[in-house]
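Notes follow once the structure below has been shown.
The values are calculated or read from the model by the stated rules, or taken from the named source; none is laboratory data. Predicted model, so just to flag it, every value in this text is computed and none were measured. Cβ placement follows ideal geometry from the backbone for every residue including glycine, while neighbour counts extend to all protein chains displayed. To get the accessible areas, we keep the full protein, side chains included, count just its heavy atoms, and leave off ligands, DNA and RNA. Shrake-Rupley method; radii C 1.70, N 1.55, O 1.52, S 1.80 Å.
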Amino acid sequence: MKSIVILISGRGSNMTALVDAASSLPPTRIAVISNRPDAAGLEFARQRGFETAVVDHRQYAARNDFDAALAEAIDAHQPDLVVLAGFMRILGEAFVQRFSGRLLNIHPSLLPAFPGTHTHAQALKCGVRLHGCTVHFVTPSLDSGPIVIQAAVPVLANDDEARLAARVLVQEHLIYPQAVRWFLEGRLSLDDNGRVLLAGELPTEAALLSPRGS
Ligand code: GRF
């Protein structure tokens with residue numbers, strides 16, 4: 001039985017997408033931890049019988065103390081993988097190193113474009129024609145870890161932030177379960193340049209003809 005811990009701060013729509021995709025994953029135990037006691041996603045998790053916990057960042061004066069308490073709460077589940085899903089805290093180097101290689105995040109842009117926040121506003125401001133989302137391994141430098149999978153969406157003439165965000169979110173809910181499945185199946189590794197390799201991926205043009213994740 002695999003084990004994952006999903007970290008949320010709010011509605012947790014990516015957590016919901018992962019839970020809904022559970023049948024496509026290897027048998028996996030899921031726990032949900034939030035830094036906010038009022039995170040709407042906690043209720044969803046509780047209703048489905050998942051173990052939940054809250055490590056409230058407001059209870060810790062020092063960021064490192066919060067990170068350490070969060071790490072302890074995670075380690076209680078001995079997870080194969082820790083999944084940041086709308087988790088809105090920046091995690092320190094010690095935490096990231098502790099979970100290095102088994103810590104994923106989803107970012108609502110085509111990294112390395114538009115790191116940080118308000119990515120959809122950044123995309124509209126820059127007038128890009130393609131925007132999207134990225135699942136990546138978390139490293140100490142923000143929004144810049146090895147990329148596992150991306151999805152692109154067109155930016156339409158009448159797009160505003162909300163419409164663009166909604167279009168990107170649909171793709172987030174497709175690529176995150178895919179990335180988690182690949183990880184749990186042991187198909188992801190890093191090459192010498194720190195780029196993610198996907199076992200079984202077609203390295204030829206044939207890959208363009210068949211959807212990834214075959
Ligand atoms: C999503 O756009 C995600 O890319 C970003 O946080 C937003 C909310 O995520 N990390 P969720 O709906 O709480 O999963």
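Taking 0.36 nm per residue of separation and subtracting the Cα-Cα distance, full extension of the segment from Ala21 to Arg58 would add 10.1 nm. Under 5 Å from the amide H of Arg29 lie the amide H atoms of Lys2, Ser3, Ile4, each residue being 5 or more positions distant or on a separate chain, with H modelled from the backbone and absent for Pro and chain starts. Under the simplified labelling scheme, the Asp65-Glu185 pair shows an inter-label distance of 4.5 nm, with each label point 7 Å from Cα along Cα→Cβ. By the combined test of axial Cα extent (at least 27 Å) and Kyte-Doolittle hydropathy (mean at least -0.5), the qualifying DSSP H helices of the chain come to 161-184. With contacts taken as Cα pairs under 8 Å at a separation of at least 6 residues, the chain carries a relative contact order of 18 percent.
Surface exposure of the chain, expressed per residue as accessible area with a 1.4 Å probe, stands at 50 Å². Protein heavy-atom surface of segment 55-214, 1.4 angstrom probe: 56% of the accessible area is carbon and sulfur, with nucleic acids and ligands not counted. A simple spin-label model places the labels of Leu174 and Arg29 3.4 nm from each other, with each point 7 Å out along Cα-to-Cβ.
When DSSP beta bridges are restricted to pairs lying wholly in the chain, around 45% turn out antiparallel.
Close amide H contacts of Arg11 (hydrogens built in the peptide plane, cut-off under 5 Å, sequence separation of 5 or more or a different chain): Ala40, Gly41.
Full extension of the chain segment joining Ala152 with Ser100 gains 16.1 nm, where the gain is 0.36 nm per residue of separation less the Cα-Cα distance.
Dividing the summed -39500 (n - 2.57) terms of all DSSP H runs of n ≥ 4 by the residue count of the chain sets its mean residue ellipticity at 222 nm at -10000 deg cm²/dmol.
The per residue volume of the convex hull around the alpha-carbon atoms of segment 1-85 is 80 Å³.
Summing +1 for each Lys or Arg and -1 for each Asp or Glu, what net charge is found among the other residues whose Cβ lies under 14 Å from the Cβ of Leu18? Value of the local net charge: +2. Once you have a ≥ b ≥ c as the square roots of the Cα gyration tensor eigenvalues for segment 49-207, tell me rounded if a/c is under 1.5, and otherwise prolate or oblate according to whether a/b is larger than b/c. In terms of gyration-tensor shape, oblate.
Between Arg163 and Asp192, residue separation times 0.36 nm minus the direct Cα-Cα distance comes to 6.5 nm.
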